[in-house]
Amino acid sequence: MYEDYLYSMEYQGNNNNVHNDQENIPNNSNTLPTKISTTEALVTLNRNSHSNYNMMLNHEIRQQHQHLENPAYAQFRNYENAITKMPGIPRFYKENHENQTVEHVVAMKAKYSRLDNGWFSIWDALEVMDGLVDSADPDVKTTQAVHALQTAEAARRDGQPDWFILTCLIHDLGKMLYFMGEPQWTVVGDTFPVGCKYADKIVYREFFVNNPDFYHELYSTDHGIYTPRSGFKNVHFSFGHDEYMYMVCKDYLPPEALGIIRYHSFYAWHTEGEYTWLMDDYDTETLKWIKLFNKYDLGSNLLDEPPNIEDLKPFYIDLIATYFPPKIRW
Ligand SMILES: [Fe+2]
Ligand SMILES: [Fe+2]
């Protein structure tokens, strides 16, 4: 009851959003109600498992997922299902595809590459995620902290190297962007290059017709502003948690780990085979690791009981300390 009340309170007067009356699910992909910008606020939020924002996301995800049957592997990333059963997802991608322009991406990379949002540990960020459910993801229904630990634990059970287990643990921590006040459309969802023609297999490609870059003289051409085989490192991707977490980690992790973190949401490439004309040798190597990573990222939540965070904490604190100093810049 309290959650419902809070939810409606937060969205009063927010009538400009696309709204699905039939489903009666408000759009939560605009500016989020909980805006914080300092380390202190992040830590406070971290300790408060009943933050307004967490409740909102959990509320929406429950409404959307109550229609879904138990997933099986074959149902992962089933966006046709999502159109009818999870209307928040196409609504999210409409906003994402309309707003992720070259101009936006360049501005966001400049803003976040400064890493001036505070100093805190990897584990602090993980605890902040305990309460956040990503409503744009059709497969993950757990909190992001549970998702992180399930992904890492599945890799650990398979005897993967320590850097890989750590990568599984932290791959989605760039969703801290939510808590820095960014709207959902520039935090989560599949990523894609901007500045060249949108590939056919990008999810919900039809929504690009309202993106100004779609009609740009250069950006709408096959190669746009890029040279073939120049590597994804020279490409601007739609801005989200992948790129941000790469920025946060780039001084600490091996190249294989950074490739997984930076491109794991680039499904049009690693799953659909688009944009191979841009790849360099590093990207070819990264592809192998991402294929392995996907097995854990997509599948782990079906295999486990929810992990006990406190039980696992000592192991992961040690693992984190192998690669990261106690606090890093975000
Ligand atoms: Fe992700
Ligand atoms: Fe993930």
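Every read-out reported here was derived from the displayed coordinates using simple, explicitly stated rules and does not represent laboratory data. Small disclaimer: the values here were computed from a predicted structure and weren't measured.
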Inset, instruction - Excluding residues on the same chain fewer than 8 positions from K111, give the lysines whose Cα lies under 28 Å from its Cα. - result: K35, K94, K175, K197, K233, K250, K327
Legend entry - Karplus (6.51, -1.76, 1.60) ³J(HN,Hα), θ = phi - 60°, over the stretch 163-180, in Hz, Gly and Pro reported as x: 4, 6, 4, 4, 4, 4, 5, 9, 4, 9, 5, x, 5, 4, 3, 3, 7, 9
Inset, instruction - Taking amide H positions as placed in the peptide plane 1.01 Å from N, state which residues far from T221 in sequence (5 or more) or on other chains have amide H under 5 Å from it. - result: K197
